[in-house]
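Novice: This is the structure, below, for whatever I ask next.
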Amino acid sequence: MKKIVAVMLCFICIILCGMVECYAEDSYETYNEIMMVDGKLLRYFTDEEMKEYMTYVKKPTFWGVNVYTVNQNVEVTYISSTLYNVENRGDTDVSYELDVVVDVSNKTSWSVSGSLSGTAKGSIKSFKTDLAAKAGVDYSSTTTSSRKETQKLKVTVEKGSRAIVYLMGSARVTNGVCACYICFVNVASCGFEYFTLVNQYPRMEKRKL
């Protein structure tokens, strides 16, 4: 009997190490601003809210993921970090041609928090797909890899001014909490978030020095 239990525990550990990864992919989390039409991002969930949401996924299941979705496919707009910050302290206008790399794919990124954080990285394609399906995220119309396109942007910076170039666009956010069960054992609980790009384009602002 002890051998059977030991084998089962090893089996669970192997599967868990192969299904969890704990990082935010290609980081939308570094954007300067993300403005949601309704709701809020995972990183703004309070401890009290997380505790309440976790009560909805505590029912043990033999195998799989219990999911509670807090925000589903909510529209957001975002502003990336600054790409270029060009000053002109001279006496004449100066023109530049800048290369701006834009993501033209409907990429879906994900991030997690909670007990998954700090565990082993690995291949969790089936876990993410199962979680996405239960959370209402359509993986069939998105991709998990970026497709970049370099665009030329002509900028004239007038004397005594500054030009700031950044990316902005729209996206959809789905987030909530989940609990992973193997043989009725809760092996991991976490908050999750999917961020799907809809579009992205460069924007320029000019300011006086």
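The values are calculated or read from the model by the stated rules, or taken from the named source; none is laboratory data. Values in this document were obtained by computation on a predicted structure and should not be read as measured data. For neighbour counting, all protein chains shown are included, and Cβ atoms are generated from backbone atoms with ideal geometry for every residue, glycine included.
Novice: Filter the stretch 170-183 down to residues that are touching a Phe, Trp or Tyr at 6+ places or on another chain (Cβ under 6 Å) and not aliphatic (A, V, I, L, M) and give me whichever is farthest from TYR56 (Cα to Cα).
Specialist: THR174
Novice: When the stretch 51-93 is examined, which residues are found to be surrounded by fewer than 17 Cβ atoms within 10 Å (Cβ to Cβ) and in a helix (DSSP H, G or I)?
Specialist: If the condition is that a residue be surrounded by fewer than 17 Cβ atoms within 10 Å (Cβ to Cβ) and in a helix (DSSP H, G or I), then LYS51, GLU52, THR55, TYR56 are the ones that fit.
Novice: Residues to consider are VAL86, VAL100, VAL76; find the one that is within 14 Å of the chain's Cα centre (by Cα) and modelled with pLDDT of 80 or more.
Specialist: Exactly one of VAL86, VAL100, VAL76 is within 14 Å of the chain's Cα centre (by Cα) and modelled with pLDDT of 80 or more, namely VAL76.
Novice: Could you give every pair whose Cβ atoms fall below 7 Å, whose first residue belongs to the stretch 145-172 and is closer than 17 Å to LYS107 by Cβ, and whose second residue is surrounded by fewer than 16 Cβ atoms within 10 Å (Cβ to Cβ) and of a type in the set (Lys, Arg), counting only separations of at least 6 or pairs across chains?
Specialist: Pairs found: MET168/ARG203.
Novice: Among the residues of the stretch 156-170, how many are under 11 Å from TYR84 (Cβ atoms) and in a loop (DSSP other than H, G, I, E, B)?
Specialist: 0
Novice: Report, by residue number, each residue of the stretch 9-48 that is farther than 18 Å from GLN72 by Cβ, at pLDDT 70 or above, β-branched (Val, Ile, Thr) and not in a helix (DSSP H, G or I).
Specialist: THR46
Novice: Pairs please, first residue from the stretch 50-61 and within 15 Å of VAL112 (Cα to Cα), second anywhere and surrounded by 17 or more Cβ atoms within 10 Å (Cβ to Cβ) and among the hydrophobic types (A, V, I, L, M, F, W, C), Cβ atoms under 8 Å, 6+ apart in sequence or on different chains.
Specialist: Hits for this filter: MET50/VAL177; TYR53/PHE45; TYR53/VAL70; TYR53/VAL177; MET54/VAL177; MET54/ALA179.
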